[in-house]
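This report refers to the structure that appears directly beneath it.
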Amino acid sequence: MFDIVTYGDPVLTQKAEDVTSFGSELEQIVADMHAAMRLDHGIGLAAPQVGISKRIFIVGLEDEPLRVFINPVITGMSKETSEYEEGCLSFPGLYFNVVRPAAVEIEAYDIKGKKFQLKADGLLARVIQHEYDHLEGILFIDRISPVKRARALAHYHRMLKM
Ligand code: NI
């Protein structure tokens, strides 16, 4: 079982590396990520958040089967944006609004190594973009203005001391 890595760990700000082999080892990582995400009641988790700097993320929306994205590439983004309150398992208790494209197109490999394409909007598009950012070493605090970022981090550090 993996522990979730929290803000401050350098793995969260590194660019993750491509997955180069599919098979039982990868399946075990994904299964363990799924268990860790469920335990923390998350709807998305990226491998760097469990200390593994690989291009893997999962999305588990309510009443939907788990979606697994290996070596994903975002191939399109809508001009239309939406604002939505996000959290991140690597920042327990911190939530704030983030503006992102409302819809995205993504290509990735599934757990068996089969390539797929997906068009997503709504919450799925939101979670895909948040998790994809983790693979680039980008965190949701990096998607808001510097003033809001400083405020959010100050709030987060105050919460940690309580
Ligand atoms: Ni996150």
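What follows draws every value from the coordinates through simple rules; no lab data is involved. Owing to the predicted nature of the structure, the values given are computational and were not obtained by experimental measurement. Glycine gets a Cβ as well: all are built from the backbone with ideal geometry, and neighbour counts include every protein chain shown.
Overview of values
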| quantity | calculated |
| --- | --- |
| Net lengthening on full extension, residue 28/residue 75 (0.36 nm per residue, minus Cα-Cα) | 14.1 nm |
| Sites residue 117 and residue 1, calculated FRET efficiency, Cβ-Cβ separation with R0 35 Å, nearest 0.05 | 0.60 |
| Potential lengthening between residue 82 and residue 99 on full extension [0.36 nm per residue; Cα-Cα distance subtracted] | 5.6 nm |
| Residues 81, 13, sorted so that the one with the fewest Cβ neighbours within 10 Å comes first | 81, 13 |
| Virtual spin-label span in nm between residue 38 and residue 150, 7 Å along Cα→Cβ | 4.4 |
| The stretch 1-136: C-alpha pair distances exceeding 23 Å, % | 28 |
| From phi via Karplus (6.51, -1.76, 1.60), per-residue ³J(HN,Hα) for the stretch 44-61 in Hz, x at Gly/Pro | x, 7, 10, 3, x, 6, 10, x, 10, 7, 10, 7, 9, 9, 10, 10, x, 7 |
| Only Lys, Arg (+1) and Asp, Glu (-1) charged, at Cβ; the chain dipole about Cα centre in debye | 460 |
| For the stretch 49-110 and the stretch 117-151, distance of Cα centres in Å | 7 |
| q = 0.14 Å⁻¹: log10 I(q)/I(0) that the Debye formula gives for the stretch 54-120, counting C-alpha atoms only | -0.54 |
